[in-house]
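What follows is a single structure, written as structure tokens, with notes after it.
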């Protein structure tokens, strides 16, 4: 179904302005603004205590903000919380799974909560159990599930109501690497199906892998926002490494460029660069003009760990869980 107004941008899935929350005299959120387009992954990145979970709790109507405005799935949070609840799903490190009953019974419970008819509920339950590779475990109590299985069941339960926006609050905390990669595939599939995902995480690699846009939250304030690549360009330390066939070419390149750190043993030259096409072209143009041909060129950009420590100014002994 296409809209006749192609030039009208779709309403954002989440729009937040000036969101504030305090507990006593502790300011947890200090006036944050967010804009999340439909059908994208937005990652809120920050250490424990930065305000990530509070943000999710407000946007999913679990608690109220002290100030600011927000809309989710097109509905104002303060005026239409019921509609917001009907349009969203929430899952995270603290699972809604009931360990005393089976996976299938957990799913049936969600179908009842969403007032689905018996037949429709069974159909959706069967589809989701298959999609999340839980058919074999469906009749076993959830207490027997591994962490990764429980997390998959939690997301399957969230999808029973066909939400437009899903909040994933640290969905892979405590999972082994394979389960984490499985979860990433699930998240990519959700977004490919048009769902908007709001992901909080303290794993920098996770945000880098999944997010279209990332905001870094530190002590209740947004200290940086952009695509993963834009954020990496905020940080000095990016460089291009040029390799040469002989010491003469290396010396000539160092003279021609007038910058960089030569490594005579490795016959390489490290030139500061943001890694953009424009910057690479200018380096190659200078070498070309001097008739110097490098054997190889590799671009090294800072990763999100570098960004995080640069924008939050956290000392090394307070490093977040970064992989």
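No value in this document is a laboratory result; all are computed from the given coordinates. Source: prediction; values computed, not measured. FYI the Cβ positions are ideal-geometry reconstructions off the backbone, even for glycines, and counts take in every protein chain you see.
Below, the figures for the structure above:
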| read-out | value |
| --- | --- |
| Protection-proxy order for peptides 160-169, 121-130, 65-74, each taking the mean of Cβ atoms within 10 Å per residue, highest first | 160-169, 65-74, 121-130 |
| Segment residue 221-residue 23, extension gain: residue separation times 0.36 nm, minus the distance between their alpha carbons | 69.7 nm |
| Contact order normalised by residue count of the stretch 41-106, Cα under 8 Å, 6+ apart, percent | 19 percent |
| Whole-number percent relative contact order across the stretch 71-213, with pairs defined as alpha carbons under 8 Å at least 6 apart | 29 percent |
| Acute angle (nearest 10 degrees) that the helix 177-192 long axis makes with the longest principal axis of the chain, alpha-carbon atoms | 80 degrees |
| The chain - Debye-derived log10 I(q)/I(0), Cα point model, q = 0.07, 0.15 Å⁻¹ | -0.39, -1.17 |
| Relative contact order (%) - criterion: Cα under 8 Å, at least six apart; region: the chain | 19 percent |
| Value at 222 nm in deg cm²/dmol, rounded to 500, when DSSP H runs of n ≥ 4 in the chain each add -39,500 (n - 2.57) | -10500 deg cm²/dmol |
| Segments 18-27, 48-57 sorted - mean Cβ within 10 Å per residue, highest first | 48-57, 18-27 |
